[in-house]
Amino acid sequence: MARIYLLLAAASVALAAPGWKAGFARVSIAPSGPLWMAGYSARTAASEGVDLDVQAKALVLEDSSGRRSLLITTDMLGFTRGLAQRVAARIAKDHGIPRERLMLNSSHTHSGPVIERMLGAAYDATDAQWADVDRYTEDLENRIVNVAARAMKSLQPVDLSFGRGTAGFARNRRVAYHPNGPVDHGVPVLAIRDARGKLLAAVFGYACHNTTLGGEFRKFHGDYAGVAQARLEQTHRGATAFFITGCGADSNPNPRGTLDHVNRYGAELAAAVDKVLAGATRPVRGPLRAAFEEVALVFDTPPTKAEFEARLQDKNKYVARHARNQLDRIAREGRLPTEYPYPVQVWRFGGDLTIVALGGEVVVDYALRLGAELGADNLWVAGYSNDVPGYIPSERILQEGGYEGAGAMIYYGPPGPFAPGVEMSIVKKVHELVRLTGR
């Protein structure tokens with residue numbers, strides 16, 4: 001009889017043990033006036049207002065151990081390493097959240113604001129317009145830090161569950177190499193509900209460029225991801241929708257170019273999320289274990305100084321700008337960088353879900369490979385996380401070349417493309433961090 005009482009007491013303690021808590025907040029990050037827009041070199045002027053608000057959103061998760069983790073999503077092209085470091089330092093100081101427990105992701109909308117000098121070689125902005133960008137970047141940093149603080153103050157008990165749907169509008173854009181190249185149509189969904197089952201938040205993803213709107217569009221807009229978030233929040237009043245971009249660097253919406261396309265794809269993605277929410281999602285338990293490390297990605301041998309000097313006369317102004325930037329760097333620092341500190345992050349929710357967050361514009365091969373190696377059912381692979389220094393090609397795409405393999409680097413600023421071995425360096429680090437968080 002005493003043994004039964006002990007078992008009942010233990011069961012009561014287990015039932016009474018605290019589970020997840022979550023807090024949410026959002027803030028508009030739309031500039032108050034005209035600002036150069038990010039993503040397209042074809043734009044010739046600054047923004048002309050806001051068509052759909054662009055936002056930063058904060059989600060705080062506290063597991064049963066009391067440890068907090070913070071996800072911040074943004075409707076913008078991406079974080080720079082500098083902005084991410086400053087935000088991380090301030091949040092660690094103010095709230096005690098270490099770097100591995102802060103995840104930053106951007107939708108990569110091409111109708112968002114330029115920050116710092118990201119893709120600076122692509123834009124014909126004046127000195128005065130770059131000064132506006134600098135002021136905006138400082139204001140953006142404050143907005144992001146403040147929205148995190150507000151989310152910390154709204155913690156409440158929640159249940160987490162996970163499911164996966166599909167959406168079909170992404171198409172691999174490297175048709176010159178593969179007319180029907182690989183695509184990830186998965187729509188991972190993390191549902192956050194209160195004790196009565198009411199939806200408080202939905203975190204969802206898709207692996208496709210937010211480039212439905214073209215360079216001629218000059219109003220701020222979250223593209224299809226912004227529309228999907230807005231539709232979900234209209235359907236589920238009081239809930240917050242968070243979008244995490246997947247490994248869609250080599251995928252575009254197809255067809256594209258109009259607001260009708262944007263609204264159609266946003267509706268399709270929101271419907272895919274709603275189907276998951278209405279179906280059978282599986283519980284996500286804690287604890288949440290986190291890891292963050294940087295791995296050195298080596299650049300291929302760059303052109304010589306003489307070759308860069310020759311490129312100053314290139315008819316392609318972007319090639320000439322890139323050469324000028326490299327020569328200025330040589331004059332300033334004495335040499336060009338040989339590698340880049342690339343961020344890899346893993347969040348592991350008990351044994352139920354693992355989120356791998358990779359920096360840069362990550363091509364789909366990474367998600368497909370990691371899903372095959374680590375098990376796709378409980379894996380969520382995101383790109384555009386923590387820092388976007390350029391395209392992150394797989395070994396296949398690096399060998400094929402083209403825009404994602406090499407050409408885009410003249411806009412981002414590195415001396416040239418990555419050297420062979422980039423894929424193995426990243427995949428090896430992912431495996432290390434997955435093992436580390438599985439202990």
Phi angles of region 185-194, converted by Karplus (6.51 cos²θ - 1.76 cosθ + 1.60, θ = phi - 60°) into ³J(HN,Hα) in whole Hz with x for Gly and Pro, give 8, x, 10, x, 9, 9, 9, 10, 10, 7
Antiparallel DSSP beta bridges within the chain, as percent of all bridges there, nearest 5: 75 percent
Considering the zone a paramagnetic label at Asp328 would reach in this model (a point 7 Å from Cα along the Cα-to-Cβ line), which residues of region 99-140 have amide N under 17 Å from it? 115-135
Using a Förster distance of 45 Å, how high is the FRET efficiency between Leu436 and Asp124, based on the Cβ-Cβ distance and rounded to 0.05? 0.50
Each label point is 7 Å from the Cα along the Cα-to-Cβ direction; what then is the distance between the points at Ser32 and Ala372, in nm? 5.3 nm
Distant alpha-carbon pairs in the chain (separation over 38 angstrom), percent: 20 percent
10 Å-binned pair-distance histogram of region 136-244 (Cα, whole percent): 12, 31, 34, 18, 5, 0
Assigning unit charges at the beta carbon (Lys, Arg +1; Asp, Glu -1) and nothing else, what dipole magnitude in debye, to the nearest 20, does the chain show about its Cα centre? 1200 debye
Rounded if a/c is under 1.5, else prolate if a/b beats b/c, else oblate: with a ≥ b ≥ c from the C-alpha gyration tensor eigenvalues square-rooted, which is region 265-325? oblate
Say the cut-off is 30 Å between C-alpha atoms; which of Lys21/Lys275; Lys198/Lys219; Lys21/Lys93; Lys93/Lys198; Lys153/Lys198; Lys305/Lys428 go over it? Lys198/Lys219; Lys93/Lys198; Lys305/Lys428
Could you work out how far the C-alpha centroid of region 53-91 sits from that of region 113-128, in angstrom? 24 Å
Go ahead and collect, in residue order, the members of region 422-439 whose backbone nitrogen is under 18 Å from a label point 7 Å along the Cα-Cβ direction of Glu395. 422-432
Using a/c under 1.5 as the rounded threshold, could you call region 46-186 rounded, prolate or oblate? The axes a ≥ b ≥ c are square roots of the C-alpha gyration tensor eigenvalues, and prolate needs a/b larger than b/c, oblate otherwise. oblate
Work from the charge dipole of region 143-195 (Cβ charges, +1 for Lys and Arg, -1 for Asp and Glu, about the Cα centre) and give the residue of Phe162, Val175, Ala191 farthest towards its positive end. Val175
Which whole-Hz ³J(HN,Hα) couplings does region 333-341 yield from phi under the Karplus relation 6.51 cos²θ - 1.76 cosθ + 1.60, θ = phi - 60°, glycine and proline marked x? 10, x, 6, 9, x, 9, 7, 10, x
Two-site FRET efficiency, Lys428 against Thr301, from Cβ-Cβ distance with R₀ of 22 Å, rounded to 0.05: 0.45
Between Ala176 and Arg335, what FRET efficiency comes out of the Förster formula 1/(1 + (r/R0)^6) with R0 = 25 Å and r the beta carbon distance, rounded to 0.05? 0.10
What length, rounded to one decimal in nm, is gained on full extension from Gln85 through to Lys275, with 0.36 nm per residue of separation minus their alpha-carbon distance? 64.7 nm
Sticking with the crude label model, points 7 Å out along Cα→Cβ, report the distance from Asn316 to Glu48 in nm, one decimal please. 3.0 nm
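Laboratory data are not the source of any read-out in this text; all were calculated from the coordinates shown. If you're wondering where the values come from, they're calculated on a predicted model, not measured in any experiment. Backbone-built Cβ (ideal geometry, glycine too); neighbour counts: all protein chains shown.
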